[in-house]
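Encoded as structure tokens, the structure appears first; notes follow it.
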Amino acid sequence: MIHEIIPVGMLQCNCSIFGDEQTREAIVIDPGDEIGRIEEILARHKLKVRAIIITHAHIDHIGGAAKLKAATGAPVWMNASDEELYRHLDMQAAWLGTSTPERTPVDVAARDGDALRLGETDFHILHTPGHTQGSVSVWIPMENKLVAGDTLFRDSIGRTDLPGGDGRQILRSIHDKLMPLPEDAVVVPGHGPETTIGREKELNPFLQF
Ligand SMILES: [Zn+2]
């Protein structure tokens, strides 16, 4: 499995590009910005995008979705509980002092338990609300990898002081959905360096219950 991670945009959101070597199909998670760079990587590996998954509707994660969809024709997956946030993309842009990116309708309402297949590899949607109501994480058992969006970071967790945030709920999501994953599972957070489930269980100051 090809997996490229590139931090994109002003807030350096980690965009993940997964590609299957056999089928040359790809899944792109969180194309927040810099769609040109993402397209370069897709072209370099000769990949065709099959799905665009949005972990949550914050502008730094979803800002480039419309552009990437227009370029590739791939459907956009996002949890329906973040539709409200996505409608207010202009407000998010104003907070950051940037211009409002183009919006696109969400094609698939990603729900807890949904799965997408890339070649032989399944990508499972875990609904992990708390940072936002529609936050999801993507668990790829065959790769032993979790793309956590802004739910879990190395040594931290997502902020819950923005609209739709809930401090108790994010801890419950992490405890119920993420901590049961294998200790050696690699976590790719929405920002910053990779970690593992085991490392965060042991050292993350927010998870010492
Ligand atoms: Zn966020």
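The values are calculated or read from the model by the stated rules, or taken from the named source; none is laboratory data. Because the structure is a prediction, the values reported are computed rather than measured. All Cβ positions, glycine included, derive from the backbone under ideal geometry; neighbour counts span all protein chains shown. Note: accessible area is taken over every heavy atom of the protein model, side chains too, but ligands, DNA and RNA are not part of it. Shrake-Rupley method; radii C 1.70, N 1.55, O 1.52, S 1.80 Å.
What to note about this one:
- Relative contact order, percent, region 93-148 [alpha-carbon distance under 8 Å, six or more residues apart]: 20
- Interchain or long-range residues, amide H under 5 Å from L118's placed H: F123
- Entry note: region 43-88 has Rg to Rh equal to 1.01, where both radii use alpha-carbon atoms and Rh is the Kirkwood radius.
- Taking θ as phi - 60° and the Karplus parameters 6.51, -1.76 and 1.60, the scalar couplings of region 174-179 work out to 5, 5, 7, 9, 9, 5 Hz in sequence order, x denoting glycine and proline.
- Here K145 is the anchor, and the lysines within straight C-alpha reach of less than 19 Å, apart from those fewer than 8 places off in the same chain, are K177, K201.
- Ligands, DNA and RNA left out, the accessible area of the chain computed with a 1.4 Å probe is 51% carbon and sulfur.
- Sorting 190-203, 30-43 by their mean Cβ neighbour count within 10 Å, with the most densely packed peptide first, gives 30-43, 190-203.
- For region 145-209, the share of DSSP beta bridges that are antiparallel, to the nearest 5, is 50%.
- Cα-centred dipole magnitude for region 1-46, charges only on beta-carbon of K, R (+1) and D, E (-1), debye, nearest 20: 100
- Per-residue Karplus couplings for region 151-166, computed as 6.51 cos²θ - 1.76 cosθ + 1.60 with θ equal to phi - 60°, are listed in order as 7, 10, 10, 5, 6, 7, 10, x, 6, 10, 9, 8, x, x, x, 8 Hz, Gly and Pro entered as x.
- In sequence order, calculated HN-Hα J values of region 139-144 (Karplus, 6.51, -1.76, 1.60; Hz; x Gly/Pro): 10, 10, x, 5, 9, 6
- Of all DSSP bridge pairs formed entirely within region 1-138, close to 65 percent run antiparallel.
- For the chain, convex hull volume per residue from C-alpha positions, Å³: 103
- Of the residues G19, H131, M142, the one whose Cα sits farthest toward the positive end of the charge dipole of the chain, with +1 on the Cβ of Lys and Arg and -1 on the Cβ of Asp and Glu, is G19.
- Pairwise inverse Cα distances across region 73-195, averaged and inverted, put the Kirkwood hydrodynamic radius at 15.3 Å.
- Relative packing of 87-95, 53-61, which averages over residues the other C-beta atoms within 10 Å, highest first: 53-61, 87-95
- Based on the convex hull around the alpha carbon atoms, region 136-178 presents an average projected area of 3.2 nm².
- Protein heavy-atom accessible surface, 1.4 Å probe, per residue over region 1-64: 37 Å².
- Relative contact order (%) - criterion: Cα under 8 Å, at least six apart; region: the chain: 15
- Only Lys, Arg (+1) and Asp, Glu (-1) charged, at Cβ; region 1-138 dipole about Cα centre in debye: 280
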